[in-house]
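Below is one structure, written out as structure tokens; the observations come after it.
The values are calculated or read from the model by the stated rules, or taken from the named source; none is laboratory data. As the structure is a prediction and not an experimental result, all values here were calculated from the model. Ideal geometry is used to build each Cβ from the backbone, glycine not excepted, and the neighbour counts take in all protein chains shown.
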Amino acid sequence: MQVSSTYRYAKISAFKAREVTRAIQGLPVSAALDLVAFSPKKAASFISKTLKSAVANAENNANLRVDGLVVKEATVGEGPTLKRIMARARGSASRILKRTSHIRIVLSDESAIETRATRKAKRKAEKKATKKESKSETTQNVSGESKSDKKTANQPNK
């Protein structure tokens, strides 16, 4: 089952907030809360509030156990931009854009918990598989001719 929480009109640009949400995606809730708690970014406090709200929604509204929850999706979309003006020299003005964002976190208890160790093991297995495939291709081509030699042999002389 999926549970979500949204923080709307957060006073931070979406670009800055996405940096933190990318880090917590796919992590268990306890690990994500730890990561956000020790992050020095301003966006970490907004994301922490949203994550805690999503956990509370899962616990109280959906009757889910907190220790089995995983951050399935953490997205940051752009909200409305507040346009302000700052006075400049010779009576001119320049525009200041105060950006806002909408932070959305979706928790799930269905997906398997993926840690750094499991990701690393998965990548290692993929590399081994690609090496075996390339090795089998080279053993099949044992006739001594390279691919370029075969192409030139099939083409007529001009």
Please note which strands (runs of 3 or more DSSP E) are completely contained in segment 56-121 and include at least 3 residues that are β-branched (Val, Ile, Thr). 70-78, 101-108
Give the residue that is modelled with the highest pLDDT, with candidates limited to residues of segment 56-73 that are over 23 Å from the mean Cα position of the chain (by Cα) and farther than 10 Å from Val3 by Cα. Asn60
Is it the case that Ser101 is at pLDDT below 95, closer than 30 Å to Ala14 by Cβ and buried (at least 17 other Cβ atoms within 10 Å of the Cβ)? no
Which numbered condition Ala37 misses (of (1) exposed (fewer than 15 other Cβ atoms within 10 Å of the Cβ); (2) touching a Pro at 6+ places or on another chain (Cβ under 8 Å); (3) among the aliphatic types (A, V, I, L, M)): (2)
What are the residues in segment 59-69 that are in contact with a helix residue (DSSP H, G or I) (Cβ under 7 Å, 6 or more places away or on another chain) and in contact (Cβ under 8 Å) with a residue 40 or more places away in the chain, if any? Leu64, Leu69
Residue within segment 85-101 that is in contact with a helix residue (DSSP H, G or I) (Cβ under 6 Å, 6 or more places away or on another chain) and either free of Cβ contacts under 8 Å to residues at least 24 places away in the same chain or closer than 29 Å to Arg119 by Cα (or both) present: no
Just to be sure before I move on: is Gly26 surrounded by 14 or more Cβ atoms within 10 Å (Cβ to Cβ), over 30 Å from Thr118 (Cβ atoms) and touching a residue at least 24 places away in the same chain (Cβ under 8 Å) in the structure I sent? no
